[in-house]
Amino acid sequence: MSEVLLVDEIACENGDGFIAKVTINRPDKLNSLNANVMTKMKEMATWVNSNDDVRCVIITGAKPNPPTEGKRMKPNAFVAGADITEFVGASSEDIRSDFEDNGCESIWNITKPTIAMIDGFALGGGCEIACVCDIRIASKRSMFGTPEIKLGLIPGFGGTQRLVKIVGLGKTMEMVMSGEPISADEALAIGLANHIVEHDKLEEKTMLIAQTIASKSMHTLNVAKKTIRAALDNGITEGVKIEANEFANLFDTEDKEIGVQAFLSRETPNWKHR
Ligand code: COA
């Protein structure tokens with residue numbers, strides 16, 4: 001797709017379509033999000049939503065390059081936040097439109113399942129990219145945090161709003177107000193990470209989950225994602241009504257019949273909405 005955003009197409013095990021592995025590729029700057037990455041992210045999201053062959057998206061950060069002579073190896077990073085060099089001298093006018101319509105929101109608006117595969121620092125915008133993905137899988141050496149307060153800022157890619165839904169009010173307050181990072185163990189304990197594994201098992205674990213999800217009906221996955229998301233914008237009474245309606249609608253789909261018949265005949269379902 002571009003040098004700052006690499007896309008690998010990994011074939012689905014059921015032989016249909018592929019999993020798009022999207023790598024943010026600025027390892028020398030800890031994969032920080034500059035304007036170029038954000039533009040490419042938006043293009044990638046549009047491409048994913050319009051390409052029927054993409055069944056699941058994995059977002060990750062590039063591994064560090066080997067060190068140049070006399071220099072130390074850069075640390076592992078998922079994403080170490082927005083590119084701070086772009087903040088120098090910037091005014092609200094410069095920033096406002098970029099932050100209202102940004103690459104994080106475009107990932108949030110992907111209609112297919114998304115997984116953040118995190119190995120290393122997930123700070124600021126990195127934590128926020130993780131939060132816009134449906135599932136977060138991290139290596140044990142990862143660190144999560146919202147250090148913007150140290151720059152006189154707060155999270156700007158939806159972090160205050162989404163983190164609070166994932167980890168609750170108290171933990172969000174502490175993370176945002178202190179700016180201090182938390183370990184992968186703590187991220188797991190507070191529900192920020194779905195799974196943590198040794199770094200050499202991260203890809204395997206992520207692919208296992210991606211392949212399991214990608215083998216389901218794309219239509220049903222889409223309905224599941226939007227119905228679960230409805231819990232963010234609605235109270236329980238309204239949310240349960242939305243779910244009941246979506247559940248009932250699925251009874252008019254061929255995939256419901258295919259799934260039920262496949263279960264009864266002990267076969268693998270051959271989904272219509274692949
Ligand atoms: N924006 C721009 N450049 C960044 C960056 C960011 N958010 N995070 C790291 N980098 C760059 C560093 O400037 C450095 O570049 P250089 O080698 O050309 O000087 C390179 O990435 C490596 O980072 P460095 O700070 O040397 O690594 P470290 O191991 O000493 O520290 C961190 C790692 C993650 C603790 C540290 O880089 C950091 O605090 N980054 C900023 C995190 C942040 O505040 N994010 C929120 C932004 S809103």
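The values are calculated or read from the model by the stated rules, or taken from the named source; none is laboratory data. Everything numeric in this text was worked out from a predicted model, so none of it was measured. Side chains are part of the model used for accessible areas, which takes the heavy atoms of the whole protein and leaves out ligands, DNA and RNA. Shrake-Rupley method; radii C 1.70, N 1.55, O 1.52, S 1.80 Å.
Run the accessible area of the chain with a 1.4 Å probe and give the carbon-and-sulfur part as a rounded percent. Don't skip to the answer; put the middle values down first.
Details: 7780 of 14340 Å².
Ligands and nucleic acids excluded, carbon and sulfur give 54 percent.
DSSP beta bridges in the stretch 5-214, what fraction antiparallel, as a percent rounded to 5? Present the calculation step by step, with values, prior to reporting the outcome.
Details: 9 of 33 bridges.
About 25 percent, rounded to the nearest 5.
Give me the orientation-averaged projected area of the Cα convex hull of the stretch 30-90, in nm², one decimal. It would help to have the intermediate numbers written out before the result.
On the way: hull surface 24.1 nm².
If you wrap the Cα atoms of the stretch 30-90 in a convex hull and average its projections, you get 6.0 nm².
Which one, Gly17, Gly125, Gly152, has the greatest fluctuation when you compute a Gaussian network model over the chain with C-alpha springs under 10 angstrom?
Comparing Gly17, Gly125, Gly152 in the GNM, the peak value goes to Gly152.
What is the log10 of I(q)/I(0) for the chain, computed with the Debye formula using one identical point scatterer on each Cα and no solvent, at q = 0.10 Å⁻¹?
-0.54
Report the rotationally averaged projected area of the stretch 100-205 based on its alpha-carbon convex hull, in square nanometres. Intermediate results must be reported in sequence, preceding the final value.
Values: hull surface 25.3 nm².
About 6.3 nm², averaged over all directions.
Are any of the pairs Lys21/Lys205; Lys42/Lys63; Lys40/Lys140 more than 24 Å apart by Cα-Cα distance, and if so, which?
Numbers: Lys21/Lys205 14 Å; Lys42/Lys63 22 Å; Lys40/Lys140 29 Å.
Long pairs (Cα-Cα over 24 Å): Lys40/Lys140.
Please work out the C-alpha center-to-center distance from the stretch 17-46 to the stretch 208-240 and express it in whole Å.
Distance between centres, Cα-based: 24 Å.
Per DSSP H run of at least 4 residues, take -39500 (n - 2.57); add these up for the chain, divide by its residues and hand me the 222 nm value, nearest 500 deg cm²/dmol. Show your work: numbers first, answer last.
On the way: 11 runs with 119 residues, N = 274.
After summing the helix terms and dividing by the residues of the chain, the value is -13000 deg cm²/dmol.
Calculate, for the stretch 167-274, the solvent-accessible area per residue in square angstrom, rolling a 1.4 angstrom probe over the heavy atoms of the protein chains.
Details: 6790 Å² over 108 residues.
Dividing the accessible area of the stretch 167-274 by its residue count gives 63 Å².
Any chance you could check the Cα centroid distance between the stretch 149-207 and the stretch 72-114 for me, in angstrom?
When both Cα centres are located, 16 Å separates them.
Can you put Ser142, Ser97, Ser183 in order of accessible area, largest first, using a 1.4 Å probe? Before the final figure, lay out the partial values.
Details: Ser142 0, Ser97 75, Ser183 50 Å².
Final ranking, largest accessible area leading: Ser97, Ser183, Ser142.
Would you check the accessible area of Asp233, probe 1.4 Å, heavy atoms only, in square angstrom rounded to 10?
Number for this one is 130 Å².
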